[in-house]
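Contents: one structure, followed by commentary.
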Amino acid sequence: MKSFKMQQVTTLAMTIAASFLVTSCTSTKVSQCADMIKVINQTVVDTKETTKSGTTLDVQIVEKLVDVFARAAKDMSSVNTDDEKLKTYKSQFLSMYQGGTEINKQLIVSLKERKSTKVHEELKKSNNIFSPERDLATGLTQYCQTPEK
């Protein structure tokens, strides 16, 4: 899927950002950024690992993706943020992961019922829900690299 390719690109940017954050001075913003980036990177790794053995038309793969996105949503929910900008990024990533979970659950139903039109619709929804991922990751990375005032 197109969105998984974007996630691979995002991994590099987020890894660079995480490296920067680890070497910079400790602060609330820095630690919150690191926590968010850790969740995002783990989700990308898990998604890549899950999809490398099959396609998004394989029910077992999609079931695993549901687990990946549900875990990502849970982990992102547990990240504590008091920075308003980080709260916004957190909310957007959370919405993406929760949406990915629900869409993939519907995809499983459509695959099992062999409804090709619905499968196509769910795949399109999945691409749409993850389409802002690169911009979100870039924005988060840039914000996290900006020194606190």
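Here, each number is a calculation from the coordinates, and none is a lab measurement. Every value quoted in this text rests on a predicted model; they were computed, and no experiment measured them. Here Cβ is always computed from backbone atoms with ideal geometry, including for glycine, and neighbour counts include all displayed protein chains.
Hey, with R₀ at 22 Å, roughly what FRET efficiency would Val109 and Thr55 work out to, going by the Cβ-Cβ distance, to 0.05?
0.80
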Pairs over 31 Å Cα to Cα, from Lys29/Lys118; Lys87/Lys115; Lys85/Lys124; Lys48/Lys125, come to Lys29/Lys118; Lys87/Lys115
In debye to the nearest 20, the charge dipole size for the stretch 23-97, taken about the Cα centre with +1 at each Lys and Arg Cβ and -1 at each Asp and Glu Cβ, equals 140 debye
So, for the Cα atoms of the stretch 96-149, Rg and Dmax in Å stand at 16.1, 55
Sequence order, the stretch 121-129: Karplus ³J(HN,Hα) from phi using 6.51 cos²θ - 1.76 cosθ + 1.60, θ = phi - 60°, Hz rounded, Gly and Pro as x, gives 4, 5, 5, 5, 4, 4, 4, 5, 5
